[in-house]
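Undergrad: Structure below; questions to follow.
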Amino acid sequence: MLSVQVEKNLGSFSVNARFDSEGGVTALFGPSGAGKTSIINMIAGLMTPDRGRIALDDLVLFDSAAGIDMKVAQRRIGTVFQEGRLFPHMSIRHNLDYGRWMGGHPADPATFAHAVDLLNIGQLLDRRPGKLSGGERQRVAVGRALLMRPRLLLLDEPLASLDAGRKDDILPYLERLRDEAKVPMIYVSHDANEVKRIASRVVRVESGKVVATGGVEFLN
């Protein structure tokens, strides 16, 4: 289970959020500028809360009272950003293998092949990111994060930069990831229809605060 209790002052804006996720896919849902990305950056260790506690199962990632702030690499959390952030000078094969290397794992052809098959990116392995569509780049970014063998996947608006057709292309792969990879996910989005397809639980965020939690049915 992921347990999050964080406070962060960001000048004229502040985040004060508290929620739990018991596995599956939990969506952080709310309008742009609500603080969703700041929350997952704190979970990932990319931003330090002013106060609070973040724990993943029995591992404490951050605890201001106890003076704990685990380094990003030690958290074993895979993050997929809106832009994908692939290395342009590397082939797709090497971009994917970077995830395995970052996770500190030895080469494992079977695990690599499974991730490639799961996301249907085998035909892309010898290309460079600049030759891929937006949807293909996002599938590769998900694969790279998955090959870290993460305890948790954070997906920050992974479809926001794609048009409706590209979103429809990639959503089935995210659903397959949810159903087959069995890695807990926090999925950030402001698109209710997208959340209904992907998530099992919704945490609604407005103005830096969690204002409601529940199943996807409360989005109707």
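Undergrad: Tell me the angle of helix 92-102 to the major Cα principal axis of the chain, expressed in degrees between 0 and 90 and rounded to the nearest ten.
TA: The helix 92-102 is inclined about 50 degrees to the chain.
Undergrad: Quick check: Cα centre of the stretch 140-181 to Cα centre of the stretch 1-62, how many Å?
TA: 20
Undergrad: So, one more: In the stretch 2-219, what is the volume of the convex hull around the alpha carbon atoms, normalised per residue and reported in Å³?
TA: Normalising the Cα hull of the stretch 2-219 by residue number yields 123 Å³.
Undergrad: If you don't mind, there's one more thing I want to ask. Show me the ranking of peptides 55-66, 25-36 by mean Cβ neighbours inside 10 Å, starting with the highest.
TA: The densest-packed peptide leads the list: 25-36, 55-66.
Undergrad: Could you give the angle, 0 to 90 degrees to the nearest 10, between helix 164-180's Cα long axis and the longest principal axis of the Cα atoms of the chain?
TA: Orientation of helix 164-180: about 80 degrees from the principal axis.
Undergrad: Right, here's the next one. What does the charge add up to near Thr48, with Lys and Arg as +1, Asp and Glu as -1, over the other residues with Cβ less than 9 Å from its Cβ?
TA: Working: positive: Lys8; negative: Asp50, Asp69.
Combined, the nearby Lys, Arg, Asp and Glu give -1.
Undergrad: Can you tally the net charge around Ile92? Count Lys and Arg as +1, Asp and Glu as -1, for every other residue whose Cβ sits under 13 Å from the Cβ of Ile92. Intermediate values should be presented prior to the final figure.
TA: Working: positive: Arg93, Arg127, Arg128, Lys131, Arg137, Arg139, Arg144; negative: Asp97, Asp126, Glu136.
Overall, the nearby charge balance is +4.
Undergrad: Still on this model: Mind listing which trypsin sites (Lys or Arg not before Pro) in the stretch 48-113 are in a DSSP loop and have 12 or fewer other Cβ atoms within 10 Å?
TA: Hits after loop and neighbour filter: Lys71.
Undergrad: Out of all DSSP beta bridges in the chain, what portion is antiparallel? Express it as a percent rounded to 5.
TA: Percent antiparallel among DSSP bridges in the chain is about 60.
Read the figures in this text as sums done on the coordinates, not as results from a lab. Values in this document were obtained by computation on a predicted structure and should not be read as measured data. Note that each Cβ is placed from the backbone with ideal geometry, even for glycine, and that neighbours are counted across all protein chains shown.
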